[in-house]
Amino acid sequence: MPELQYKQPKSLLNKGTGFLNGYTYSLNPYGGCSFGCSFCYVRQMPIQLFRKQEWGTWIDVKQGAASLLKKELMKAKSKGPVTIFMSSSTDPYQPVEHKERLTRSLLEVMAEDEPDFLLVQTRSPLVTRDIDLLLQLKDKVRVSMTVETDREDIRRHFTPGAPPIGGRMQALQRLREAGVPTQATIAPVLPSSEQFPELLSKAVDRVCIDDYFMGDGSGGKRTARMGLKAKYEELQLLEWYEPSAYRMVYERLRAYFSATQIGISQEGFSRAFTE
């Protein structure tokens, strides 16, 4: 179990910059993430580099988040359009959310005072718990479910603490059937089978693709410092650790999705792509 620390944040809405400059704000209900994915770029960011604990072993719970967001959201909306990316450095539906319900409390605030757009980025089926609130946001929300691969053996090797692929696919189907706008996000591109695109086509009509070289904010340098290349060598799948690997997945996807249904890296996370 990760170590929980309860903190009183001074702010929740952070200005969208860099990779997220298409959003006015990013919103992280928690600090840290118990999924502890081996490839997570946050491992190389200050929030982790200055902690003594290993990534995935600690979580900061932001107390009073709902009341704080209510104030910040009202102020932000008075200044102009508010588009929110939730979340950029944590998973809003990691296991601690079962108990703490911070993410749900934030959605309740946004259901009453709607932002112009909200992208919910997660790899957890727990998001289906909040279908009632997501439906209240109608076309002002999209759930982006990370599905890096369709191979459970690969998932267990790279991200054993994250939910199984089958559960994520079922969650996407439930969201779609309920009428919640959704997309699948292959980020990062991990080794997958030729049947992966067909599987995705049964659950979503939009797919985002990203990899270490486009999406880690440093052209792949952050990822290289984490030693991920050794994992690919161990699996004898080094061809998947190449800047060109995403093209193979893209071409496979094109058999089931049109070019306008596939977003590449930053474009795939943008509001323009989700509309």
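Per-structure values
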read-out: Residues satisfying the stated conditions in the range 234-261, i.e. surrounded by 11 or more Cβ atoms within 10 Å (Cβ to Cβ) and assigned to a helix (DSSP H, G or I); value: 238, 239, 240, 245, 246, 247, 248, 249, 250, 252, 253, 261
read-out: Candidates 75, 52, filtered to the one that is over 17 Å from the mean Cα position of the chain (by Cα), at pLDDT 95 or above and not small (Gly, Ala, Ser); value: 75
read-out: The range 252-267 residues that are among the charged types (D, E, K, R), paired with ones that are modelled with pLDDT of 95 or more and in a loop (DSSP other than H, G, I, E, B) (beta carbon under 8 Å, 6 or more apart); value: 252/194
read-out: The range 1-38, residues that are of a type in the set (A, V, I, L, M, F, W, C), farther than 13 Å from residue 83 by Cβ and modelled with pLDDT under 90; value: 1, 19
read-out: Meets criteria (surrounded by fewer than 16 Cβ atoms within 10 Å (Cβ to Cβ) and either among the small types (Gly, Ala, Ser) or touching a helix residue (DSSP H, G or I) at 6+ places or on another chain (Cβ under 7 Å) (or both)) for residue 11; value: yes
read-out: Residues of the range 1-25 satisfying the condition of being more than 18 Å from the chain's Cα centre (by Cα), of a type in the set (Ser, Thr, Tyr) and part of a strand (DSSP E or B); value: 6
read-out: Neighbours by Cβ (under 6 Å, 6+ apart or cross-chain): first from the range 161-175, more than 12 Å from residue 199 (Cα to Cα); second of a type in the set (Gly, Ala, Ser) and surrounded by 22 or more Cβ atoms within 10 Å (Cβ to Cβ); value: 163/124
read-out: Odd one out for residue 207 among (1) over 17 Å from residue 273 (Cβ atoms); (2) of a type in the set (A, V, I, L, M); (3) in contact with a strand residue (DSSP E or B) (Cβ under 9 Å, 6 or more places away or on another chain); value: (1)
read-out: Single residue of 194, 177, 198 found to be part of a loop (DSSP other than H, G, I, E, B), modelled with pLDDT of 95 or more and over 23 Å from residue 266 (Cα atoms); value: 194
read-out: Top-ranked residue in the range 159-202 [being under 20 Å from residue 142 (Cβ atoms) and of a type in the set (D, E, K, R); ranked as least open to solvent (accessible area, probe 1.4 Å)]; value: 168
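The values are calculated or read from the model by the stated rules, or taken from the named source; none is laboratory data. These numbers come from a predicted model, not from an experiment. Reconstructed Cβ throughout: ideal geometry from the backbone, glycine too, with neighbour counts over all protein chains shown. For accessibility, only protein heavy atoms count, side chains too; no ligands or nucleic acids. Shrake-Rupley method; radii C 1.70, N 1.55, O 1.52, S 1.80 Å.
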